[in-house]
Amino acid sequence: MTTEILDTADPLDDRTSRPTSGGAVVDAPARPDKLAPGHFRAIALLMASAFTVILNETTMSVALPPIMDELGVTPTVGQWLTTAFLLTMAVVIPATGFLINRLGTRGAYLLAMSLFTAGTALAMIAPGFGVLVTGRVVQATGTAIMMPLLMTTIMTIVPAHMRGRVMGNVGLVIAAAPALGPTLSGAILEPLGWRGVFGVVLPISVLALVAGLLWIRDVNEKEHHTLDPLSLLLTLVAFGGLVWGLSGLGEGAHAGGGLNPWIPLGAGLVFLGLFIWRQIVRQRTDSALLDLRTFLESNFRVAIGIMAVAMLAMLGTLIVLPLVLQEAMGLSPLQSGLIVLPGALAMGLLGPVVGRWYDRVGPRPILVPGTVLVTLGIGMLAFLHPGISPLYVLGAHVLLSLGLAAVFTPLFSAALGVLKPHQYSHGSATINTVQQVAGAAGIALFIAIMTLRSDTLTAAGESAADALTSGASLAFAIGAGVMAVTIALAVLIKRPETDGEFHGGH
């Protein structure tokens, strides 16, 4: 058995005989219990790399207060360290289907890790806030390529009946890595400062880049479509306008004056409509930047909706909660990071378990209780106040994390499982685009609600700690209300008919 990734003449392609309904015997694909060594090594490296780059998304949540103090920026300006990261991903991800098809697996991986490594080095040595944000943007460009590449590779080389357990590990990357970011950041901040957060990640990314040079090979044929610059420009204006407008709602409350946030928000919606129209026109000739025909599948549509709300709630919570723990409850960065550690660990350990459950029972029996747990966890955070026990916050976060572990894996498998093989790259790009836009919107929306409420209460004579926790509680309450809608949507998700089939490694 060869370990080369290009080799598809391995156990994945062994064939067995099975009778048809008419009694004839035909060859049918075997149902292997494990991946070929080369495939396993490639997916393991992609997952480890994706974990590293996604972990980096939320390291700034705990590091933000000391960065604001050292560089002299406000919370609404400082949040752009995370928002700009997510916004860049939202702009780049729609092009990843094109990049993966054009560069191949190996070329796309090396480009992603090279950009991420360069951005990490730039952020580590940044002399000011502007350079720091630039480093985060370069990091995000590499990160944007990684997740669609991982999901496309899995859908290409993993047999359908094994995808649940493999996607369970992807769920670990998507959900646990962002949750572990604050803990890692808190542990590094005290001895090394905020620059140390980037300094620890840099050698890991260099090692992953070298490993990719040695191990990653192409798993699908390259295509040579032309990139549509207009579509790329439309994504920039559309998603940039939406996130800028949402962020401006909070910043306007803090500073007063400036550009009315409803202007970029409205422009974003208009250009989003133009982007959708452009893709519909170009997909007639199979040249769309992002093929939207994936939305013709009801499973895909509903799953995208649930994912958007879950990411909005998760990242909004991960950004606001450390601010409350440190600024209102007086905890250190390390203490606030440790509070979210048990939930992150639970989410990571449950990912593969949920994947195996999915392979056995399908999405619905897992998704419905998962959305209920997420709603309850965020709802518990709506009762925060400065004197509340940290154990209460820990319990609420664990409940939220358990729910997220039961949400992401079934959604990935059920959404991509209904697509045709040539749609995998576009489907995974669409999923990741929606996730990042929703995450950026969640961060901006939670910060905006918290700022508006806390500023109003401060003006009325409330203490800073009481005002901040009251604003955060309102944000969590609204988040729980929105999340409750997904409970009904989860009932609509069906098991893909191809879950028991495998069509080969191409």
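The values are calculated or read from the model by the stated rules, or taken from the named source; none is laboratory data. Predicted model only: the values in this text are computed from it and were never measured. Virtual Cβ from ideal backbone geometry, glycine too; neighbours counted across all protein chains shown. With ligands, DNA and RNA removed, areas are computed over all heavy atoms of the protein, side chains included. Shrake-Rupley method; radii C 1.70, N 1.55, O 1.52, S 1.80 Å.
Worth a mention:
- Number of positions in the range 435-454 that are free of Cβ contacts under 8 Å to residues at least 24 places away in the same chain and either crowded, with 24+ Cβ neighbours inside 10 Å or within 11 Å of the chain's Cα centre (by Cα) (or both): 1
- Filter pass, Phe40 being in a helix (DSSP H, G or I) and open to solvent by 10 Å² or more (accessible area, probe 1.4 Å): yes
- Within the range 168-217, the set of residues being at pLDDT below 80 and under 20 Å from Leu35 (Cβ atoms) comprises Gly168, Asn169, Val170, Gly171, Leu172, Val173.
- Unmet criterion (only one of (1) open to solvent by 20 Å² or more (accessible area, probe 1.4 Å); (2) of a type outside the set (Lys, Arg); (3) closer than 23 Å to Ile443 by Cβ; (4) free of Cβ contacts under 8 Å to residues at least 60 places away in the same chain) for Gly78: (1)
Conditions (1) modelled with pLDDT of 85 or more; (2) open to solvent by less than 40 Å² (accessible area, probe 1.4 Å); (3) in a helix (DSSP H, G or I); (4) aromatic (Phe, Trp, Tyr), marked per residue:
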| position | (1), (2), (3), (4) |
| --- | --- |
| Leu419 | yes, yes, no, no |
| Thr433 | no, yes, yes, no |
| Thr456 | yes, no, yes, no |
| Ala472 | yes, yes, yes, no |
| Ala480 | yes, yes, yes, no |
| Met483 | yes, yes, yes, no |
| His506 | no, no, no, no |
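- Selection count where residues are open to solvent by 40 Å² or more (accessible area, probe 1.4 Å) and polar (S, T, N, Q), scope the range 190-227: 2
- Residue in the range 153-169 that is open to solvent by less than 10 Å² (accessible area, probe 1.4 Å), under 30 Å from Gly193 (Cβ atoms) and of a type outside the set (Phe, Trp, Tyr) present: no
- Each residue in the range 296-312 was checked for being farther than 20 Å from Val91 by Cβ and in a helix (DSSP H, G or I), and 11 pass.
- Any chance Ile93 is crowded, with 21+ Cβ neighbours inside 10 Å and at pLDDT below 75: no
- Considering the range 323-404, the qualifying helices (runs of 4 or more DSSP H), each wholly inside and each with 2 or more residues that are hydrophobic (A, V, I, L, M, F, W, C), open to solvent by 20 Å² or more (accessible area, probe 1.4 Å) and at pLDDT below 85, run over 333-339, 341-361.
- When residues of the range 485-498 are limited to those that are outside any helix (DSSP H, G or I) and of a type in the set (Val, Ile, Thr), the one least open to solvent (accessible area, probe 1.4 Å): Ile493
- Residue-level check: of (1) outside any helix (DSSP H, G or I); (2) within 30 Å of Glu190 (Cα to Cα), Ala288 misses just (2).
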